[in-house]
Amino acid sequence: MGNSLRQSFNKHHFDFEAPVIHVHDFHPQIRVLLSMNGLFFNNKDSLLRFVLPAICICLSVVATTLELLAMWHALQEQDSALFTEAFAYCVIIGVVPFLYLCNFMKSDKIYALVDGMDKDFVTISKLGEPYRSNFLAGQLNIWKCGYAWLIFVIFVASMYILLSVVSILYYCLFVTHDEGSHRPLVFPVWLPHDDPHRSPNYELFLGLMYLIIIDFATTFTSEYLVVF
């Protein structure tokens with residue numbers, strides 16, 4: 001598996017000597033990730049393009065609302081640590097709807113940008129040396145940066161889930177279950193008239209938080225195209 005990842009990272013199986021190279025040949029992830037953002041290439045007007053963005057936006061709105069409640073509780077209790085943590089998660093998760101809305105609002109410019117990239121690939125791939133080799137070497141570095149970003153986001157999301165599972169196991173095995181203890185959650189949560197740590201609230205919130213982590217990873221894996 002490690003050897004396969006290394007070959008994919010360095011594009012060992014790509015035909016760098018092909019007479020004509022299109023952007024989607026060198027960067028196949030463009031269409032996949034933009035489709036996840038609701039920007040289809042084959043059927044641009046399909047209503048299916050809104051499904052994944054709508055799910056991610058709904059999860060983000062729910063998570064942001066929960067963090068706003070936690071911030072309100074922290075202000076009442078004058079708990080600066082809780083407020084800071086809830087505020088950080090509120091900002092990070094709350095930006096997700098804006099990313100999707102910006103993609104839809106600027107979809108024409110994104111399509112035009114991808115078309116322009118494809119024309120550049122075709123034009124430069126037809127040129128002789130050193131233009132072609134220098135251009136493809138730069139594109140290979142961009143591919144590696146995107147690959148590294150993908151691995152980083154997956155690693156961060158996996159660590160969030162793994163650490164929460166470890167915390168739950170530690171609580172179940174070693175922590176004394178007295179009145180002041182409660183099962184850990186990934187993000188701070190507070191409810192005005194209920195306890196988020198009692199069953200079945202705890203299980204529902206924990207599952208919701210795992211979905212939010214996947215939502216975050218999906219969104220920011222796709223948005224690396226904007227960065228690179």
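In the stretch 131-160, which residues are buried (at least 16 other Cβ atoms within 10 Å of the Cβ) and farther than 30 Å from residue 214 by Cβ?
132, 135, 136
How many residues are under 21 Å from the mean Cα position of the chain (by Cα) and more than 15 Å from residue 115 (Cβ to Cβ) if we restrict to the stretch 14-47?
8
The rows are residues; the columns are (1) at pLDDT below 90; (2) surrounded by fewer than 18 Cβ atoms within 10 Å (Cβ to Cβ); (3) of a type in the set (Phe, Trp, Tyr); (4) assigned to a helix (DSSP H, G or I).
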| site | (1), (2), (3), (4) |
| --- | --- |
| 198 | yes, yes, no, no |
| 204 | no, yes, no, yes |
| 209 | no, no, no, yes |
| 212 | no, no, no, yes |
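Can you pull out every residue in the stretch 24-67 that is among the aromatic types (Phe, Trp, Tyr) and assigned to a helix (DSSP H, G or I)?
26, 50
Any residue in the stretch 142-161 that is over 17 Å from residue 10 (Cα atoms) sitting within a Cβ distance under 8 Å of a residue that is surrounded by 13 or more Cβ atoms within 10 Å (Cβ to Cβ) and not aliphatic (A, V, I, L, M)? List the pairs, counting only those 6 or more apart or interchain.
Here the result reads 153/220; 153/221; 153/224; 154/221; 157/216; 161/210, each pair linking the stretch 142-161 to a residue that is surrounded by 13 or more Cβ atoms within 10 Å (Cβ to Cβ) and not aliphatic (A, V, I, L, M).
Would you pick out the residues in the stretch 89-130 that are of a type in the set (Ser, Thr, Tyr) and either surrounded by fewer than 17 Cβ atoms within 10 Å (Cβ to Cβ) or under 27 Å from residue 153 (Cβ atoms) (or both)?
Of everything in the stretch 89-130, those that are of a type in the set (Ser, Thr, Tyr) and either surrounded by fewer than 17 Cβ atoms within 10 Å (Cβ to Cβ) or under 27 Å from residue 153 (Cβ atoms) (or both) turn out to be 89, 100, 107, 111, 123.
Test residue 87 against the criterion of being in contact (Cβ under 8 Å) with a residue 24 or more places away in the chain, over 22 Å from residue 106 (Cα atoms) and aromatic (Phe, Trp, Tyr), and give yes or no.
It is false that residue 87 is in contact (Cβ under 8 Å) with a residue 24 or more places away in the chain, over 22 Å from residue 106 (Cα atoms) and aromatic (Phe, Trp, Tyr).
Go through 156, 122 for me and flag whichever is in a helix (DSSP H, G or I), under 20 Å from residue 36 (Cβ atoms) and either modelled with pLDDT under 90 or of a type in the set (A, V, I, L, M, F, W, C) (or both).
Checking each option against the conditions leaves just 156.
Which residue out of 45, 25 is surrounded by fewer than 14 Cβ atoms within 10 Å (Cβ to Cβ), of a type in the set (Asp, Glu) and at pLDDT 85 or above?
45 is the lone residue from the list that is surrounded by fewer than 14 Cβ atoms within 10 Å (Cβ to Cβ), of a type in the set (Asp, Glu) and at pLDDT 85 or above.
Scan 110, 93 and give me the residue that is in contact (Cβ under 8 Å) with a residue 40 or more places away in the chain, closer than 15 Å to residue 56 by Cα and part of a helix (DSSP H, G or I).
None of the others qualify; the one that does is 93.
What are the pairs with Cβ atoms under 6 angstrom where one residue, in the stretch 163-176, is among the small types (Gly, Ala, Ser) and the other, located anywhere, is assigned to a loop (DSSP other than H, G, I, E, B)? Sequence gap at least six, or different chains.
What qualifies is 164/186; 167/184.
Which ones in the stretch 6-23 are among the hydrophobic types (A, V, I, L, M, F, W, C) and in a helix (DSSP H, G or I)?
9, 23
Would you mind stating whether residue 223 is modelled with pLDDT under 85 and either within 15 Å of the chain's Cα centre (by Cα) or of a type in the set (Val, Ile, Thr) (or both)?
Judged against the criteria, residue 223 is a match.
The values are calculated or read from the model by the stated rules, or taken from the named source; none is laboratory data. Not measured: the values here are computed from a predicted model. For neighbour counting, all protein chains shown are included, and Cβ atoms are generated from backbone atoms with ideal geometry for every residue, glycine included.
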